Amino acid sequence: MKNFTANSDFTISDQSVFETCPSNIALIKYWGKFVGQIPANPSISFTLNHCKTNTSVDFFGNENFSVQTFLSGNEEKKFSEKIEKYFRNIEIYLPWILKGKYVIRTENTFPHSSGIASSASGFGAIAKCLMSLDKIFSGKTDEDFKLKKASFLARLGSGSACRSLYGGLVVWGETPEVKGSSDLFAVKFPDDEIHPVFKNFNDWILLIHEGEKSVSSTIGHALMNTNPYAERRFQEARENFALMKKILKTGDLQNFIKLTEHEALTLHAMMMMSDPAFILMKSGTLEVIRKIWNFRQETDLPLFFTLDAGANVHLLFPNNNENQKIINFIRSELIPHTQNGNVVKDLISI
Ligand code: 2P0
């Protein structure tokens with residue numbers, strides 16, 4: 001952490017910066033953390049192509065510290081309070097951060113209150129804006145360092161956000177499987193360790209439930225502290241990470257499907273084993289999973305799912321010319337389980 005602390009060698013001025021940051025979906029899940037936003041196990045995620053947050057920051061230097069935030073043009077006082085607290089927490093890393101007034105305008109490219117997590121792309125975009133300001137104020141121009149520090153700062157806002165900065169497959173959490181990996185920031189998973197079959201995938205997000213979920217991820221993570229299965233889960237996640245690395249290299253799609261679905265179901269099993277227990281899946285989530293399994297059994301076609309901490313289902317299938325049957329099936333059998341017929345069609349390309 002010492003590396004990212006900064007001295008007070010800076011000159012502030014009024015500035016405006018703009019940054020965009022994508023969302024990500026984990027294949028090996030982060031669920032459970034230690035003090036200081038340290039993950040209990042390594043995770044790996046696909047970066048999405050279309051689901052992004054666009055953020056502009058107007059900084060007025062030498063005014064009293066305050067934060068005003070607008071989401072899609074509407075003032076969000078709760079966001080402002082959260083960001084103000086976040087800025088106070090990271091002052092040792094950006095010593096100029098409390099020396100001005102901020103007007104932050106942010107919007108997501110995915111529908112508002114769709115139930116798609118915006119904290120990853122949101123904190124990713126803010127951290128990028130902060131590092132752009134830091135570059136101006138401190139005169140430090142090392143782009144690699146700037147990216148790494150943006151990931152480090154994004155993590156302190158929301159853990160999964162640190163995986164949104166690089167594109168492609170991204171790893172967060174120290175593991176002997178990935179050189180340079182760290183609990184403090186994410187790193188890119190090497191492109192030459194990824195078989196071509198995984199380099200062009202569809203991720204269609206079925207909006208089973210739109211709107212806020214009943215239990216936040218932060219509370220969900222905290223409940224792992226008393227979950228009797230937590231240690232076993234953290235150990236299994238490490239084993240699964242090693243297995244995933246092999247699968248990514250060899251292009252073993254069958255085992256990729258099996259492991260990705262297992263991770264998603266384990267995440268939700270952990271929620272059910274928490275005290276108090278909670279369930280974020282809806283009946284539509286379960287119906288979709290049942291139908292996907294039947295479809296695969298009948299057709300042998302590579303349609304599978306992963307889940308975030310919510311009811312929506314991420315449908316994963318290779319992006320090639322042979323998937324018309326899969327698309328027809330999604331249209332006729334799966335979309336009817338969405339709340340309002342909405343699907344966010346995203347892509348993963350590496
Ligand atoms: C992940 N999730 O790996 C896991 C799997 C959701 C399901 O990280 O408390 O918003 O801000 O660190 O990162 C969602 O939790 O939680 C999450 P905080 P975060 O993507």
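If contacts are Cα pairs under 8 angstrom and at least 6 residues apart, what is the relative contact order of region 193-349 in percent?
Here the relative contact order equals 44 percent.
Give the carbon-plus-sulfur fraction of the accessible surface of region 193-349 in %, rounded to a whole number; probe 1.4 Å, heavy atoms of protein chains only.
52
Can you list the residues of region 73-87 with backbone N under 19 Å from a point 7 Å past the Cα of Ala222, pointing along Cα to Cβ?
78-79, 81-87, by backbone N distance to the label point.
Over 26 Å between C-alpha atoms is what I'm after, so list which of Lys85/Lys135; Lys29/Lys52; Lys82/Lys128; Lys101/Lys128; Lys52/Lys78; Lys246/Lys345 land there.
Too far apart for the 26 Å limit: Lys246/Lys345.
Please report, in whole Å, how far the alpha carbons of region 172-290 spread along each principal axis, starting with the longest.
42, 31, 22
For region 284-326, run through the GluC sites (Glu not before Pro) and keep only the ones in DSSP coil with at most 11 other Cβ atoms within 10 Å of their Cβ.
Those that pass, being in a loop and sparsely packed, are Glu322.
Kirkwood Rh over Cα pairs of region 1-97 into Stokes-Einstein at 4 °C, 1.567 mPa s: D in µm²/s?
Values: Rh = 16.4 Å.
For these conditions, the coefficient is 79 µm²/s.
What FRET efficiency comes out for Asn74 versus Glu322 if R0 is 41 angstrom and r is the Cβ-Cβ distance? Round to the nearest 0.05.
0.40
Taking only the alpha carbons of region 2-191, what extent do you get along each of the three principal axes, in Å, biggest first?
46, 39, 29
Evaluate the distance, in nm, between pseudo-label points positioned 7 Å from the Cα of Arg88 and of Thr141 along their respective Cα→Cβ axes.
About 3.7 nm, to one decimal.
I'd like the accessible area for Ile208, computed on protein heavy atoms only with a 1.4 Å probe and all protein chains in place. Round to 10 Å², please.
10
For Tyr229 and Ser56, what is the calculated FRET efficiency with R₀ set at 45 Å and r taken between the beta-carbons, to the nearest 0.05?
Efficiency for this residue pair is about 0.55.
Work out the P(r) tail for the chain: percent of alpha carbon pairs separated by more than 34 Å, whole number.
More than 34 Å apart: 25 percent of the Cα pairs in the chain.
Hey, can you find the accessible area per residue of the chain for me, probe 1.4 Å, expressed in square angstrom?
Here the per-residue accessible area is 45 Å².
Taking the Cα atoms only, what angle lies between the long axis of helix 253-272 and the longest principal axis of the chain, rounded to 10 degrees?
Once rounded, the angle reads 70 degrees.
Taking the full set of protein chains and a 1.4 angstrom probe, give the accessible area of Tyr93 in square angstrom, rounded to the nearest 10.
20
Give me the distance between the Cα centres of region 233-274 and region 139-176, rounded to whole Å.
Between the Cα centre of region 233-274 and that of region 139-176, the gap is 23 Å.
The values are calculated or read from the model by the stated rules, or taken from the named source; none is laboratory data. Computed from a prediction, not measured in an experiment: that's the story for all the values here. Every residue, glycine among them, receives a Cβ derived from its backbone with ideal geometry; neighbour counts consider all protein chains shown. Remember, those area values only see protein heavy atoms, side chains included, never the ligands or the DNA or RNA. Shrake-Rupley method; radii C 1.70, N 1.55, O 1.52, S 1.80 Å.
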